[in-house]
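Trainee: First, the structure itself, so that you have it in front of you.
The values are calculated or read from the model by the stated rules, or taken from the named source; none is laboratory data. All values derive from a computational prediction rather than experimental measurement. Neighbour counts are summed over all protein chains in view; Cβ atoms, including those assigned to glycine, are modelled from backbone coordinates with ideal geometry.
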Amino acid sequence: MIRVGVNGYGTIGKRVADAIRAQPDMKLTGVAKTRPNYEAEAAVRKGYPLYAAIPERSDQFTDAGIDLAGEVEDLIIASDVIVDATPSGVGEANCELYETYDTPAILQGGESADAVDTSFVARANYDKAEGADIVRVVSCNTTGLSRLLAPLQEEYGVEKARVTLIRRGGDPGQVDRGPINDILPDPVTVPSHHGPDVKTIYPDVDIDTVGVKVPATLMHLHSVNVTLASQPTVAEVRQLLSDESRLFLVPEVAGIDGTGKLKEFAMDTGRPRGDLWENCIWDESIAVEGNDLYLFQSIHQEADVVPENIDAIRALTGRETQEDSMAITDDRLGVGLESLFDGPRRRVVPHSADD
Ligand SMILES: NC(=O)C1=CN([C@@H]2O[C@H](COP(=O)(O)OP(=O)(O)OC[C@H]3O[C@@H](n4cnc5c(N)ncnc54)[C@H](OP(=O)(O)O)[C@@H]3O)[C@@H](O)[C@H]2O)C=CC1
Ligand SMILES: O=C(OP(=O)(O)O)[C@H](O)COP(=O)(O)O
């Protein structure tokens, strides 16, 4: 069993902790938090050993009636791998601690690519993580773009990608973010940072991106144009993309016209927190003009990086091949939604820990 600790139990950390628990080859050693808030309460209820991320605040937990398993250093010592899901910039600062205890760590997309041995997207560059000390699972948008480019690059070749990212202003729980009533070029500079971030995964791909922030919280939306090195038909592109477990082609028959219904659909299927781990590509949007491919895809920013963290754990430890790890992760989480409409119905929610 791979012993995995989660340092930073927030939007991403709590989802990754649940995903670790669903894996047959992983044991969650515990989670580290800075305060005994509602998320700490939920962790205790789930039976996750709780560690004090900031030792000086341990008394806050005791005062709140929460028994700590120790301090964050104890969690690091007890783990083979640490998933760091602390706020942007904190992960990089924590690396010294991980190195002190010679414990490999997985950082998140808010950290700098320069701070890690490699950036990571399972479908794109799984093998690069083997033996690394510090790996970065790239941000939700970069994950979504890299997952889409992978089969296109392999099958047709990508001459140039141009993407407009319509970015949600903040997550539902982030009440200090916006805009509330505006549409902002964000970043106003062109190209945005997303293209260079994709190049940390695919250095040779020519990609330009621009970003916009809107008053939404549920998901991001990408307007994608990829100039291919050949001229497939729409049917060929559709087949290629639908063969990817982490690309969900939203069928016309579903009547899903936006991110609101996508999330409602996810909740209706019983997905924990209404999470969508897959890129959600509108099937009707797939168009080919000569060798130019166009499509819309939505990215659930809180969720799509979760299976990537699980695969990064295995990739780091060299325990499984890319294909086997992704298959285990997808099966244990229930990744893959196509069959809900055109194939045999199957489970699309995580196994429980004792399955
Ligand atoms: N949310 C998103 O859409 C996405 C975020 N990411 C990236 O994931 C990372 C985490 O983001 P997200 O989960 O949204 O952030 P959150 O703020 O939701 O969660 C981070 C958690 O870390 C805890 N924390 C704060 N300081 C420390 C510390 N010093 N040590 C340990 N824990 C600490 C906080 O919990 P508490 O203080 O309660 O203990 C907080 O809940 C960032 O790099 C972000 O860029 C990547 C993809 C998508
Ligand atoms: O959208 C994201 O980052 P990105 O737009 O910089 O790729 C991630 O979801 C993190 O989002 P945030 O940095 O707006 O919280």
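Trainee: Residues that are away from ligand 2 (no atom under 16 Å from the Cβ) and under 12 Å from residue 310 (Cα atoms), at least 2 per element: which strands (runs of 3 or more DSSP E) completely within segment 1-75 meet that? Quick ask: steps written out before the conclusion?
Mentor: Numbers: elements: 2-7, 26-33, 50-52.
The strands (runs of 3 or more DSSP E) meeting that bar are 2-7, 26-33.
Trainee: Determine if segment 28-38 includes at least one residue that is surrounded by 19 or more Cβ atoms within 10 Å (Cβ to Cβ), within 18 Å of residue 273 (Cα to Cα) and within 23 Å of the chain's Cα centre (by Cα).
Mentor: no
Trainee: Look at segment 110-150 and say how many of its residues are away from ligand 1 (no atom under 16 Å from the Cβ), in a loop (DSSP other than H, G, I, E, B) and not hydrophobic (A, V, I, L, M, F, W, C).
Mentor: Looking only at that region, the number is 4.
Trainee: Quick one: which residue in 319, 332 is in contact (Cβ under 8 Å) with a residue 40 or more places away in the chain, in contact with a strand residue (DSSP E or B) (Cβ under 8 Å, 6 or more places away or on another chain) and either among the polar types (S, T, N, Q) or away from ligand 1 (no atom under 16 Å from the Cβ) (or both)?
Mentor: Values: 332 fails: in contact with a strand residue (DSSP E or B) (Cβ under 8 Å, 6 or more places away or on another chain).
Unique residue meeting the criteria: 319.
Trainee: Now, a different point. Being buried (at least 24 other Cβ atoms within 10 Å of the Cβ) and under 20 Å from residue 246 (Cα atoms), is that true of even one residue in segment 147-158?
Mentor: First, pick out the residues of segment 147-158 that are buried (at least 24 other Cβ atoms within 10 Å of the Cβ): 147-148.
Still in the running and under 20 Å from residue 246 (Cα atoms): 147-148.
Yes: one or more hits.
Trainee: Just checking, does segment 177-199 include any residue being among the acidic types (Asp, Glu) and under 24 Å from residue 246 (Cα atoms)? Please lay out each step first, then the result.
Mentor: Kept after step one, since they are among the acidic types (Asp, Glu), are these residues of segment 177-199: 182, 186, 197.
Narrowing further to those that are under 24 Å from residue 246 (Cα atoms): 197.
Among the residues of segment 177-199, at least one is among the acidic types (Asp, Glu) and under 24 Å from residue 246 (Cα atoms), which makes the answer yes.
Trainee: Continuing with this model, one more query. Here are some residues: 257, 186, 176. Which one is among the acidic types (Asp, Glu), modelled with pLDDT of 95 or more and surrounded by 15 or more Cβ atoms within 10 Å (Cβ to Cβ)?
Mentor: Numbers: 257 fails: surrounded by 15 or more Cβ atoms within 10 Å (Cβ to Cβ); 176 fails: surrounded by 15 or more Cβ atoms within 10 Å (Cβ to Cβ).
Of 257, 186, 176, the one residue that is among the acidic types (Asp, Glu), modelled with pLDDT of 95 or more and surrounded by 15 or more Cβ atoms within 10 Å (Cβ to Cβ) is 186.
Trainee: So which strands (runs of 3 or more DSSP E) stay within segment 163-256 end to end and still have 1 or more residues that are over 15 Å from residue 297 (Cα atoms)?
Mentor: In segment 163-256, the matching strands (runs of 3 or more DSSP E) lie at 207-214, 220-228.
Trainee: Out of all the residues in segment 281-334, which are within 15 Å of ligand 2 (Cβ to nearest atom) and in contact with a helix residue (DSSP H, G or I) (Cβ under 7 Å, 6 or more places away or on another chain)?
Mentor: Taking segment 281-334 and keeping what is within 15 Å of ligand 2 (Cβ to nearest atom), we get 297-306, 308-309.
Selection gives 297, 298, 299, 301, 302, 303, 304, 305, 306, 308, 309.
Trainee: Where in segment 296-345 are the helices (runs of 4 or more DSSP H), entirely inside, with at least 2 residues that are of a type in the set (A, V, I, L, M) and surrounded by 20 or more Cβ atoms within 10 Å (Cβ to Cβ)? Working first, answer last.
Mentor: Working: elements: 306-317, 322-333, 339-342.
Here the list reads 306-317, 322-333.
Trainee: From the residues in segment 75-117 that are charged (D, E, K, R) and either crowded, with 21+ Cβ neighbours inside 10 Å or out of contact with any strand residue (DSSP E or B) (no Cβ under 6 Å at 6 or more places or on another chain) (or both), which one is nearest to residue 48 (Cα to Cα)?
Mentor: Going through segment 75-117, the residues charged (D, E, K, R) turn out to be 80, 84, 92, 96, 99, 102, 111, 114, 117.
Cutting the leftovers down to either crowded, with 21+ Cβ neighbours inside 10 Å or out of contact with any strand residue (DSSP E or B) (no Cβ under 6 Å at 6 or more places or on another chain) (or both) gives us 84, 92, 96, 99, 102, 111, 114.
On the way: 84: 16, 92: 25, 96: 25, 99: 24, 102: 23, 111: 26, 114: 32 Å.
Applying the filter and picking the extreme gives 84.
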